[in-house]
1. Has the stretch 117-136 got at least one residue that is touching a residue at least 12 places away in the same chain (Cβ under 8 Å), within 9 Å of the chain's Cα centre (by Cα) and under 25 Å from MET56 (Cβ atoms)?
2. Criterion first (touching a residue at least 12 places away in the same chain (Cβ under 8 Å) and either in contact with a strand residue (DSSP E or B) (Cβ under 7 Å, 6 or more places away or on another chain) or not aromatic (Phe, Trp, Tyr) (or both)) does ALA61 satisfy it?
3. Identify, by number, the condition in (1) more than 30 Å from GLU58 (Cα to Cα); (2) at pLDDT 90 or above; (3) touching a Ser or Thr at 6+ places or on another chain (Cβ under 8 Å) that THR144 doesn't meet.
4. Filter the stretch 95-113 for residues that are aliphatic (A, V, I, L, M) and touching a residue at least 40 places away in the same chain (Cβ under 8 Å) and give the result.
5. Looking only at the stretch 99-124, which residues are over 23 Å from ARG54 (Cα atoms), among the polar types (S, T, N, Q) and surrounded by fewer than 17 Cβ atoms within 10 Å (Cβ to Cβ)?
6. Tell me whether the stretch 30-46 contains one or more residues that are aliphatic (A, V, I, L, M), within 30 Å of LEU171 (Cβ to Cβ) and not in a loop (DSSP other than H, G, I, E, B).
7. Hey, can you tell me all the residues within the stretch 4-18 that are surrounded by 14 or more Cβ atoms within 10 Å (Cβ to Cβ) and touching a residue at least 40 places away in the same chain (Cβ under 8 Å)?
8. Are any of the residues in the stretch 125-142 under 18 Å from GLY49 (Cβ atoms), assigned to a helix (DSSP H, G or I) and touching a Phe, Trp or Tyr at 6+ places or on another chain (Cβ under 7 Å)?
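The values are calculated or read from the model by the stated rules, or taken from the named source; none is laboratory data. Source: prediction; values computed, not measured. Here the Cβ is made from the backbone with ideal geometry for all residues, glycine too, and neighbour counts use every protein chain on show.
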Amino acid sequence: MTKRLGLINPTARLDSRAAALTVTRLSALGMVIGAMRDVVLAVYSSSDGAETARAMVETMAGRPYAPEQMALATQLGLAGAAAAILLQLVLAVVQWRKPTSFLPLIFLVLVVWALGSGLLALINMPTVAAAGGVNPPLWLIVMTLLSMSAAALLHMNAIRAATVLAGFHKLDD
């Protein structure tokens, strides 16, 4: 077990093709973590988040919200979230079956963006509250920061392992 956990260590040596392949495939786990986070965000957005969005619209527009517009926006948001979750899961299967460095690189960029958004939300909480705005719950921000940090680690290691794996392939040729 300790040896397997050592594979997610960014400084661990990847001496064998099997170890490099395993670490490259772990990027698929990072994609699944991202998809699970998005499921939580979608559920929140369709329940408590819808009330938060309503309050934000009323505060920013200075008038009451239109319930039919908010219902449509919520449905469109859920459809977009479902499509993104499905895409992440499909790409996770692709990464597992045919590991490369391309998908981990793309997902690392997306994860860094999510981490930046989470940190920005955390930093701006007092400012938003002082302006009369509504903040997302702290548990949602912390969940995003923790899950995206884990995914970033997996994607960074997968990029490194894919490079090592490519070296093994060159040796075979």
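1. No, the conditions are met nowhere in the stretch 117-136.
2. No.
3. Here THR144 meets the rest and fails (1).
4. Listed by number, the residues that qualify are LEU103, LEU105, LEU108, LEU110, VAL111, VAL112.
5. Of everything in the stretch 99-124, just one residue is over 23 Å from ARG54 (Cα atoms), among the polar types (S, T, N, Q) and surrounded by fewer than 17 Cβ atoms within 10 Å (Cβ to Cβ), namely THR100.
6. Checking the stretch 30-46: at least one residue is aliphatic (A, V, I, L, M), within 30 Å of LEU171 (Cβ to Cβ) and not in a loop (DSSP other than H, G, I, E, B).
7. Hits for the stretch 4-18 are LEU7, ILE8, LEU14, ARG17.
8. Among the residues of the stretch 125-142, at least one is under 18 Å from GLY49 (Cβ atoms), assigned to a helix (DSSP H, G or I) and touching a Phe, Trp or Tyr at 6+ places or on another chain (Cβ under 7 Å), which makes the answer yes.
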